[in-house]
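Report on one structure; see the data block that follows.
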Amino acid sequence: MRLTVKTNLAMRALMFCAVNTGRTVRKTEVAEACNASANHLGVIINQLGHGGFLETTRGRGGGIRLSRPPSQINVGEVFRVFEAGLPFAECFSAAENTCPIAPTCRLKIALRRALDAFYAELDMISLNELVDGNTGLEHLFDLEQMLHMSCEHA
């Protein structure tokens, strides 16, 4: 099993915003900190906005910020926004299933249980649990520190 790049970047962006709670951050700042293309991140930010995780503001003072406290953002919910539309296996998609053993296959049942357990585990984790007290992440994503370091290198 492998997460999509979109899901991975979505979680990085949300963690960046959670570390910088209370301020509006720019897409370029998130992209730089998360080692991502600003254009690719823009698509992900749009999905996070439509999913109710981020507020976006256009214009000169614009940017993004969490739409609710990190304790109210569920990791499983975020993953479903980006992963649920992709069938885990061919047999999970009625439209694309050409597997000849699908009607008698027990693997699909086991995979369904495993996926349900995977999401159940993620449903127990909030964004806050990923960032609160995580000094290493705070050091990497703290916008004040990032700005200070870029001024020293200039």
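The values are calculated or read from the model by the stated rules, or taken from the named source; none is laboratory data. Note that the coordinates shown come from a computational prediction; the quantities given were computed from them, not determined experimentally. Quick reminder, even Gly has a Cβ in these numbers, built from the backbone with ideal geometry, and neighbours come from all protein chains shown. Side chains are part of the model used for accessible areas, which takes the heavy atoms of the whole protein and leaves out ligands, DNA and RNA. Shrake-Rupley method; radii C 1.70, N 1.55, O 1.52, S 1.80 Å.
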Among Ala120, Asn8, Asn39 the positive-end extreme of the charge dipole of the chain (Cβ point charges):
Asn39
What FRET efficiency, computed as 1/(1 + (r/R0)^6) with R0 = 35 Å and r the Cβ-Cβ distance, is obtained for Asp116 and Arg60, rounded to the nearest 0.05?
0.15
Distance in nm between label sites at Ala102 and Ser71, each 7 Å beyond Cα in the beta-carbon direction?
4.5 nm
Mean separation of Cα contacts under 8 Å, 6 or more apart, over the residue count of the chain: relative contact order %:
29 percent
So what's the convex hull volume per residue for the Cα atoms of the stretch 15-114, in Å³?
136 Å³
Apply 1/(1 + (r/R0)^6) to the Cβ-Cβ distance of Ala95 and Asp123, taking R0 = 35 Å, and write down the FRET efficiency to the nearest 0.05.
0.80
Restricting the stretch 9-66 to trypsin sites (Lys or Arg not before Pro) in coil, as DSSP defines it, with at most 11 other Cβ within 10 Å:
Arg23, Arg58, Arg60
Any chance you could run the full-extension gain for Glu32 through His139? It's 0.36 nm times the residue separation minus the Cα-Cα distance, nm to one decimal.
37.1 nm
Using unit Cβ charges (K, R positive; D, E negative) and no other charged atoms, how large, in debye to the nearest 20, is the dipole of the chain about its Cα centre?
480 debye
Heavy-atom surface of the chain, accessible at 1.4 Å and reported per residue (Å²)
62 Å²
Accessible surface of Thr57 - all protein chains present, 1.4 Å probe, nearest 10 Å²:
80 Å²
